[in-house]
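J.: Let me give you the structure first, and then I'll get to my questions.
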Amino acid sequence: MRDRQVSLLKGSTFIVSDRLGDITPRVGDPSGLFYRDMRHLSRWQLRLNGRELDALAAESLEYDEAIFYLVEPTGSVYRNPAMSLIRRRVVGDGIREHLELINHGQQDMHVEITILFDADFADLFEVKDELSKRGQLYRHRVPHGVTLGYVRDHATVVGGGPHGAVGSAAAIPNGVWRRETYIHAPGAYFTEQSLTFRVHLRPNSSWNQTVSVTVGTARDEPVPQRIHRPDMPASLDEWLAAAPTMDTDWHELRQVYRRSLIDLAALRFYPESVPDASLPAAGLPWFMALFGRDSLITSYQAIPFAPELARTTLLALGAHQATGWDDFRDAEPGKILHELRHGELAVFGERPHSPYFGSADATPLFLVVLDEYERWTGDVETVRRLEGSARAALEWIERYGDLDADGYIEYRSRNPHTGLSNQCWKDSDNSIVYPDGRLAPLPRACCEIQGYAYDARLRTARLAREVWGDPGLADRLERDAAALKAAFNADFWLPDQGFYALALDGDKVPVPTLTSNIGHLLWSGIVPEDRVDSVVDHLMSERMFSGWGVRTLAEGQPVYSPIEYHNGTVWPHDTALVAAGLARYGRRHEANRLAVALLEAAPHFQHRLPEVFAGYPRAMTRVPVEYPSACSPQAWAAGAPLLLMRVILGLEPTPTGLTVRPHLPAQINRLILRGLPGRWGRADAVAVRGPTI
């Protein structure tokens, strides 16, 4: 377990430090100042007269500011510190750090405040996988500061790329890749590794100074600073004001709702393809980038609260949709990307992420979200604008995603060296397994992806009939969806066990592992009514329901572990989708049990649901147990409470307005959302137990 860290983020920039505000170099640790997938500060340590300070407190102020209260160490509980230092940090395209040193003593103080710095310019993949650099580091003094830099040219590429060459040569101006960090501190004495202020303080007086760090992608050209102006179409106050307001008697729910909105605001960034609007990055620290699956699911969760995220996500993914074949990037015509990176390894073609298409579920989810967005907003202009992308996505589902023409989407990476072996949402190497832990042979057809494909066909049929004026396509898609549902329920259902197989393996053998994936099938609507009770019973059993949420894999199977990333943990977005599936089939009581359990877990994480937490039984631990490397904030975890509120209130859009069919759990007597945006303008959803006053 790593020490508690303080993370700030804004747009494409984030910084991770310890409670002192320091960044200390450690192998494999994502501490540092990062901009567009590269680390611009790998060391940033403050010293007072050469000594590390002690932390009294460290607090994040929303998401882009933090304050650290530090004191000089005395070495004895009997001696109080004579000096304190307040360190205020703001992040934008860099950081600005305000230092305030206070002399609490009765004597003059002559002190030195030093900041030790370094920049390794590590790509995020280099940090994660502990790889070495291939370019050259440099630094030089400038007036009132120092420049730290890194340069690499295309001649240093070794292999990689779709044809053994640079993967994105056009992204390397003049064949040279460069990143720079500029440290500016008027009045400081600089070396190439440190800056020092020499301070004389009288009794009961203070000293103030500001240090700024900016970043650049070309020699001596800092990117425009955005620390003192909004980095988004709306500032945080404007973002919160535009969201629906909540009134409830459950105090903790108000805190969770606000935290979710703030985290989604923090994760917003401008994609280059849609520069006038924002979409959510997947999560801090490893996934501050556009992810197809993550951004789509987050957008779906947030449509009733912030529909702009869905529109921007759809437009950005449409702009980067694959148009041809590229084995290195797992690209096929019409496929929606998995991940888009801007770091060195992606640009030089050593990793396939510029963009990478190793996701078998993002393409049907693209169609699901496109329809859901129009149902809520009535924005037919965007749906018409994306008609070509939608038809290409549909063709991928029907042709290229179905590797053997059996009607199912299967996956197997075209790039066995650096591509993902699993291209479903549970994309760790060991997630698609038999109950005894044996890996399922490739190619794999995961059950939930077939559900997404079924839902995508029905939703696209509606768009074809009502928006694109193509009733012939609509009729065909509805027939194809019915055929898929019948085949799926014949091939994936395990009659002896009463649930659906996790997948069909490469030999078309069902993988009889009990997992949360079956809950996604309820969400997509592919489960016939006569099998719903059995599926629900499994999901709500003690094997699956931990008391905090639905486990990704059921307890009691040999491969189960409560702390294995996809084989026994609880993922908030996963549980929220299961709850939405239960509600779809009228199982509101069970949906509420999941919703309340997950919302009760959030206060244990400072009201912020993490990416994932351990699957231990609630009766055993009494509190949810943190997963050590979980992203926080993480987009679809932040969106989960929003989807749960939709479930509790029974919110559904119709052509004539918003339908509200609440089913309040016992913990809530009043839940009101005012100002829900949609094709109707703004509407209120009111649920009050007993007489309405």
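The values are calculated or read from the model by the stated rules, or taken from the named source; none is laboratory data. Please read these numbers as outputs of a predicted model, since none were measured by experiment. Backbone-built Cβ (ideal geometry, glycine too); neighbour counts: all protein chains shown. The area values use the complete protein model at the heavy-atom level, side chains included, leaving out ligands, DNA and RNA. Shrake-Rupley method; radii C 1.70, N 1.55, O 1.52, S 1.80 Å.
J.: So what does F357 come to for accessible area, using a 1.4 Å probe and Å² rounded to 10?
T.: F357 has an accessible surface of roughly 10 Å² with all protein chains in place.
J.: Another question, if that's okay. Roughly to the nearest percent, how much of the accessible area of the chain is carbon and sulfur, given a 1.4 Å probe? Present the calculation step by step, with values, prior to reporting the outcome.
T.: Working: 12560 of 25830 Å².
Using a 1.4 Å probe with all protein chains present, the chain comes out at 49 percent carbon and sulfur.
J.: Could I ask something else about it? Compute the Kirkwood hydrodynamic radius of the chain, taking the inverse of the mean of 1/r over all pairs of distinct Cα atoms, and give it in Å to one decimal. Show your work: numbers first, answer last.
T.: Values: mean 1/r = 0.0375 Å⁻¹.
With all distinct Cα pairs of the chain included, I get 26.6 Å.
J.: Which whole-number percentage describes the relative contact order of segment 10-147, with Cα contacts under 8 Å and a sequence gap of 6 or more? Please list the in-between numbers first.
T.: Details: 264 pairs, mean separation 35.7, N = 138.
Taking the mean separation of contacting Cα pairs over the length of segment 10-147, I get 26 percent.
J.: Another question, if that's okay. Once the other residues with Cβ under 9 Å from the Cβ of T418 are scored (Lys, Arg +1; Asp, Glu -1), what is the net sum?
T.: Values: positive: R351; negative: E350.
Here the count lands on 0.
J.: Using Cα atoms only, what is the angle between the long axis of helix 588-601 and the major principal axis of the chain, expressed in degrees (0 to 90) to the nearest 10?
T.: The angle comes out at about 10 degrees.
J.: Let me check I have the definition right: for segment 589-654, take the eigenvalues of the Cα gyration tensor, multiply each by 5, take square roots. What are those semi-axes in whole Å, largest first?
T.: On the way: eigenvalues 104, 48, 14 Å².
Those come to 23, 15, 8 Å.
J.: Pairs of Cα atoms under 8 Å, at least six residues apart: use those to get the relative contact order of segment 476-625, whole percent.
T.: On the way: 228 pairs, mean separation 29.2, N = 150.
After rounding, I find 19 percent.
J.: Give the whole-number value, in cubic angstrom per residue, of the convex hull volume spanned by the C-alpha atoms of segment 438-581.
T.: Details: hull volume 17.7 nm³, N = 144.
In segment 438-581, the Cα convex hull volume per residue is 123 Å³.
J.: What share of all Cα pairs of segment 32-79, in percent, falls into each consecutive 10 Å distance bin?
T.: So the P(r) values, bin by bin, are 20, 37, 32, 10, 2.
J.: Moving on. Filter K133/K335; K335/K485; K335/K426 down to the pairs with a C-alpha to C-alpha distance above 26 Å, please. Don't skip to the end; give the middle numbers.
T.: Numbers: K133/K335 32 Å; K335/K485 23 Å; K335/K426 19 Å.
Beyond 26 Å between Cα atoms: K133/K335.
J.: Follow-up question, since we're still on this one. Per the chain: cysteines with no other Cys C-beta under 4.7 angstrom?
T.: That list is C447, C631.
J.: To the nearest 10 square angstrom, what accessible area does M544 show with a 1.4 Å probe?
T.: Taking all protein chains as shown, M544 has close to 0 Å².
J.: A follow-up question, please. Any idea how far apart R198 and D530 come out in nm if each label point goes 7 Å out from Cα toward Cβ?
T.: The answer from the label model is 9.0 nm.
J.: Related question: Each label point is 7 Å from the Cα along the Cα-to-Cβ direction; what then is the distance between the points at E252 and R384, in nm?
T.: For the pair E252/R384, the computed spacing is 4.9 nm.
J.: May I ask for the angle, rounded to the nearest 10°, between helix 529-539 and the longest principal axis of the chain, with both axes built from Cα atoms and the value confined to 0 to 90°?
T.: Result, in degrees: 30.
J.: Per residue, how much accessible surface does the chain expose to a 1.4 Å probe? Answer in Å², no decimals.
T.: Each residue of the chain exposes 37 Å² on average to a 1.4 Å probe.
J.: Over every pair of different alpha-carbon atoms in segment 416-462, take the mean of 1/r and invert it; report that Kirkwood radius in Å.
T.: Details: mean 1/r = 0.0809 Å⁻¹.
It is 12.4 Å.
J.: Within the set of other residues whose C-beta is less than 11 Å from the C-beta of R618, count the net charge using Lys and Arg as +1 and Asp and Glu as -1.
T.: Numbers: positive: R622; negative: E542, E600.
Net local charge, R618 excluded: -1.
J.: Express the Stokes-Einstein translational diffusion coefficient of segment 385-479 in µm² s⁻¹, to the nearest whole number, given a Kirkwood radius over alpha-carbon pairs, 20 °C and a viscosity of 1.002 mPa s. Let's see the in-between values first.
T.: Numbers: Rh = 14.9 Å.
In µm²/s, the coefficient rounds to 143.
J.: May I have the convex hull volume per residue, in Å³, for the Cα set of segment 268-330?
T.: Numbers: hull volume 5.7 nm³, N = 63.
Spread over its residues, the Cα hull of segment 268-330 gives 90 Å³ apiece.
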